[in-house]
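Novice: Take this structure, written in structure tokens, and hold onto it; I'll ask about it next.
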Amino acid sequence: MILTIHDKLNMPQQTRAVSWQGYLIPITAVGICLITRLWYFGRYIDEWDSVNFAFGLSKEYDILHDQPHFPGYPVYMFVSWIWYLVVGSDIQALVFSGVLFSSLAVLPLYELAQRMFSKEVAILTAVLYIVNPQVWLQAEKPLSDAFGLFFVITTILFFYLAIESAQKTSVRRDERSFVSAKILISLKCIGMGGVMLGLGLGVRVTYLALLPIMAYSAYLMSQKVSSRKVIIWGLAGLALGVGSWLGYLIVCFSPYRFFKKFLSHADYHFYREGNSIITTDDYGERFFDIFHRLSAHSLGTWWMDTPLLRVVPTIILVVSLGYFIVYEKWNLRNKFLVAFFVPYFLWIALVQDAIRQIMVLIPFLAIVVSAGLLHIYTIHLRNRKYGVVSFLAIVLAFVVSQTIDSVRIVSINKNEEPPSVSTINYIINNYDKDETKFYCVNDWRLFQYYAPEWCDKKNSHVYFTSPMSGVLKDLGRLRQKPANILVSSKLFERHNYKDRLKKLVEFNRDRYGVADYNWLALYRYE
């Protein structure tokens, strides 16, 4: 429950109980969100990061051996560890953590939308968040991204409350007690925002992209409140949030090994094999991919490979965004939104452009779209005879079309075996491990989870390599070549050896239901 600090500190005692009625709608929304997520609970560990998380629970929490990988996601892992003690299943514990916290995120999202715009915008925002295809899908996966939305939204809410309280200090200069109370509230909010951001960094380091909005909030506050106090409260909160998990990691793994792992991970993730702009060869393709991931994956708009039904939400979404841009006044709330969107867009464009990073924008775009819908009603429908009915019909068409498509996607995630898992099952069911060697990338980690007997320290059955040249080097070292040499379609430079690669089988899944590696093929090297 996110009760606003304003209400808790300033509401008279006799009306405080009545105020809970105002939270009936968001609490109901949380319940609906939780039930829908539980109904389509994910069942597969299907990629590298998921295995790392699972091993961090079922084996040993050790970031030096990627259980999970650096920086260890300690906040997400701690909550998942609690559920693991209860249910005894790594995947169920990981998924339920995401399901629970992504559902609780409706509370701060509703409060933020209501304070920025209106109750009607807040209701629409909550509904669009619940039925959004990517938010729903990621909540069903054993990953930390949906889990982290709670911390992101709550952080932004506290920063907005800090600005809102600071702005009110100049309204009633004649009452020192009022002004002092508002200043204290504002400082507490910037401090709590810092705490939540610090905890969020223990979920995903990518939330460093929220530091600019914190700085912007502090700047606006400093115009009404002492800059020194703002800095002290903000940094103290951030230090408390970060220290709650970073201190444990440093003590547990020693400062030297922690820093060495940090350098190794940063080098791999951002320079050698990562998805930053430094490792990008085609900038045009990169920005096209970002647009596709934001539009089709994250917002559920129409693309050439999506159902025709998506045309409906696409039209409504585009028109709503247009009305928001044209008719929304340039005021504090919109400057605040821009201060969030611009730095985070830059982070996506320059540092990490994966769908899971882009989905952080969805809750705040839902606010913008909802506000745009209300502009359509206010400008064209409010004074018409059937204006309310027409508006509700538009909203219903938007929500129903997205719900149908989202249910299709999460059903695929729940019921259809991912290609990465299908590849492993095909190999272990059709080949003798003592006569087989499989060259792969991410599948190596999945084999450790699903078929650990295939993974030994000598890499005699499953061998990790990125390019095909690594296959040839390894085969050249072997005294006796295995009878079956299998190669994954993930390996680079396959086109240089197409005459010696015979395709055995391929696995296809809907790419909106399985965003990563929705198509995989298995080859025999001859």
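Novice: For Arg500, tell me the accessible area in Å² from a 1.4 Å probe, rounded to the nearest 10.
Specialist: 110
Novice: Quick check: from the Cα gyration tensor, does segment 272-338 come out rounded (a/c under 1.5), prolate or oblate? Could you put the intermediate results ahead of the total?
Specialist: Working: a/c = 3.25, a/b = 1.28, b/c = 2.55.
Taking the square roots of the gyration eigenvalues as a ≥ b ≥ c, segment 272-338 is oblate.
Novice: Could you give the alpha-carbon Rg of segment 146-250 over 2.2 N^0.38 Å, rounded to two decimals?
Specialist: Working: Rg = 14.2 Å, N = 105, 2.2 N^0.38 = 12.9 Å.
Here the answer is 1.10, to two decimals.
Novice: How are the Cα pair distances of segment 367-526 distributed, in percent, across 5 Å bins from 0?
Specialist: It works out to 1, 8, 14, 15, 13, 8, 6, 5, 5, 5, 5, 5, 4, 3, 1, 0, 0, in whole percents.
Novice: Quick check: net charge around Leu104, other residues with Cβ under 14 Å of its Cβ, Lys/Arg +1 and Asp/Glu -1?
Specialist: Working: positive: Arg37; negative: Glu111.
Net charge in that neighbourhood comes out at 0.
Novice: Would you mind computing, in nm to one decimal, how far apart the modelled labels at Tyr450 and Val319 are, each placed 7 Å from Cα along Cα→Cβ?
Specialist: The modelled label-to-label distance comes out at 4.5 nm.
Novice: Quick one: compute the contact order of the chain, relative version, from alpha carbon pairs under 8 angstrom and 6+ residues apart, as a percent. Show your work: numbers first, answer last.
Specialist: On the way: 766 pairs, mean separation 76.8, N = 526.
Once normalised by length, the contact order is 15 percent.
Novice: Once the dipole of segment 350-494 is set up with Lys and Arg at +1 and Asp and Glu at -1 on Cβ about the Cα centre, which of Val395, Pro482, Ile424 lies farthest towards its positive end?
Specialist: Of the listed residues, the answer is Val395.
Novice: Continuing with this model, one more query. Can you tell me the alpha carbon radius of gyration of segment 203-351 divided by the globular rule-of-thumb value 2.2 N^0.38 Å? Please list the in-between numbers first.
Specialist: Working: Rg = 20.4 Å, N = 149, 2.2 N^0.38 = 14.7 Å.
Compactness ratio reported: 1.39.
Novice: With Cβ to Cβ distances under 15 Å as the rule, what net charge do the other residues near Thr306 carry (K, R +1; D, E -1)?
Specialist: On the way: positive: Arg293, Arg310, Arg408, Arg509, Arg511; negative: Asp305, Asp405, Asp510.
That works out to +2.
Novice: Same structure again: Summing -39500 (n - 2.57) over the DSSP H runs of n ≥ 4 in the chain and dividing by its residue number, what mean residue ellipticity at 222 nm do you reach, to the nearest 500 deg cm²/dmol?
Specialist: Here the helix-only value at 222 nm equals -19500 deg cm²/dmol.
Novice: Report the one residue of Val368, Leu308, Ser276 whose Cα lies farthest in the direction of the positive end of the charge dipole of the chain (charges on C-beta: Lys and Arg +1, Asp and Glu -1; origin at the Cα centre).
Specialist: The residue sitting most towards the positive pole is Val368.
Novice: Turning to a different aspect of this structure: Over segment 455-526, what is the relative contact order in percent, taking alpha-carbon pairs closer than 8 angstrom and at least six residues apart?
Specialist: Numbers: 76 pairs, mean separation 23.2, N = 72.
Computed over segment 455-526, the figure is 32 percent.
Novice: A follow-up question, please. Out of the total accessible area of the chain (probe 1.4 Å, heavy atoms of protein only), what percent is carbon and sulfur?
Specialist: Working: 14660 of 23790 Å².
Of the solvent-accessible surface of the chain, carbon and sulfur hold 62 percent.
Novice: Under a point-charge model restricted to the Cβ atoms of Lys and Arg (+1) and Asp and Glu (-1), what is the dipole moment magnitude of the chain relative to its Cα centre, in debye to the nearest 20?
Specialist: On the way: 52 positive and 40 negative charges, 292 e Å.
Approximately 1400 debye in magnitude.
Novice: With equal scatterers on the alpha carbons only and no solvent term, can you work out the Debye log10 of I(q)/I(0) for segment 309-402 at 0.10, 0.13, 0.19, 0.21 1/Å?
Specialist: The calculated log intensity ratios at q = 0.10, 0.13, 0.19, 0.21 Å⁻¹ are -0.33, -0.54, -0.99, -1.11.
Novice: Heavy-atom accessible area of Asp499 with all protein chains present, probe 1.4 Å, nearest 10 Å²?
Specialist: Taking all protein chains as shown, Asp499 has close to 150 Å².
Novice: Within the set of other residues whose C-beta is less than 13 Å from the C-beta of Leu220, count the net charge using Lys and Arg as +1 and Asp and Glu as -1. It would help to have the intermediate numbers written out before the result.
Specialist: Numbers: positive: Lys168, Lys224, Arg333, Lys335; negative: Glu164.
In short, +3.
Novice: Residues of segment 24-115: accessible area per residue at 1.4 Å, in Å²?
Specialist: Numbers: 3380 Å² over 92 residues.
Heavy-atom accessible area per residue stands at 37 Å².
Novice: For the chain, treating each Cα as an identical point scatterer without solvent, what Debye log10 I(q)/I(0) comes out at q = 0.06, 0.08 1/Å?
Specialist: Ignoring solvent entirely, the Cα scatterers give -0.33, -0.57.
Novice: What's the whole-number percent of alpha carbon pairs in segment 305-362 lying beyond 19 angstrom? Don't skip to the answer; put the middle values down first.
Specialist: Details: 856 of 1653 pairs.
Beyond 19 Å sits 52 percent of the P(r) for segment 305-362.
The values are calculated or read from the model by the stated rules, or taken from the named source; none is laboratory data. In this text the structure is predicted, and so the values were computed from the model without any measurement. Note that each Cβ is placed from the backbone with ideal geometry, even for glycine, and that neighbours are counted across all protein chains shown. We work out accessible area using only protein heavy atoms, side chains counted, and drop any ligands, DNA or RNA first. Shrake-Rupley method; radii C 1.70, N 1.55, O 1.52, S 1.80 Å.
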